[in-house]
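Trainee: Can you read through this structure? Questions will come right after.
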Amino acid sequence: MITANELRIGNLIFWNPKLSNPKSTLESMQIEVSAILKDKIGYTFPGIEYRAEPFEDDLLQQEARYKSLEELELIVLTAEILESCGFKQDDNSNRKVFFKHEYKSFLEMEINIIDYKVLLRFTNGKKVELPYTYKFLNQLQNLFFTLTGEELEINQ
């Protein structure tokens, strides 16, 4: 189960109604975190524009949408997800499990999708293998933001 402290506004996760109601016929869908409370999160659907202010002719304002933490699940990193985040398969390693992402010429991030270890290379020659595993998209988004101060761009 997800805990609220794992998430940051902008993280992509899945809403899966079957986690709280196994008889549900609704399929899981990707959502973007827009608010974080102790026992639930606010969300939007990624790729859809939302108006910050209603037009004068709007009769009904939409309330924020929330889901309980029990209905949420993290997105596991796959080759396809890494590629949508700008990672490219490392052809030099001759293994199909390593993906690299270069960021503004000062940082290269490499991730192995078998053991989910991350290696950072900086232009000053320093290499750092992080002691934690990064198995989920929200973890990678949070790490990228911590290192760069910018959001990880995800092409959907």
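Trainee: I'd like to verify a number: residues in segment 140-156 that are out of contact with any strand residue (DSSP E or B) (no Cβ under 8 Å at 6 or more places or on another chain), within 15 Å of LEU7 (Cβ to Cβ) and of a type outside the set (A, V, I, L, M, F, W, C), how many?
Mentor: Selection size over segment 140-156: 3.
Trainee: Could you give me the residue pairs with C-beta distances under 9 Å whose first residue belongs to segment 126-139 and is outside the structural domain of TRP15 (by TED's automatic domain parsing) and at negative phi, whose second residue is surrounded by fewer than 13 Cβ atoms within 10 Å (Cβ to Cβ) and among the hydrophobic types (A, V, I, L, M, F, W, C) wherever it lies, and which are 6+ apart or on separate chains?
Mentor: Hits for this filter: VAL128/PHE122; LYS135/VAL76; PHE136/VAL76; LEU137/VAL76.
Trainee: Taking segment 100-125 as the region of interest, how many residues are without any contact (Cβ under 8 Å) to a residue 40 or more places away in the chain, over 13 Å from LEU140 (Cα atoms) and of a type in the set (Phe, Trp, Tyr)?
Mentor: 2
Trainee: Still on this structure: Test of understanding: among LYS40, LYS18, which residue is in contact with a strand residue (DSSP E or B) (Cβ under 6 Å, 6 or more places away or on another chain), at pLDDT below 95, surrounded by 12 or more Cβ atoms within 10 Å (Cβ to Cβ) and not assigned by TED's automatic domain parsing to the domain that holds VAL128?
Mentor: Just a single option satisfies the conditions, and that option is LYS40.
The values are calculated or read from the model by the stated rules, or taken from the named source; none is laboratory data. Predicted model only: the values in this text are computed from it and were never measured. Cβ coordinates were reconstructed from backbone atoms using ideal geometry, including for glycine residues, and neighbour counts include every protein chain displayed.
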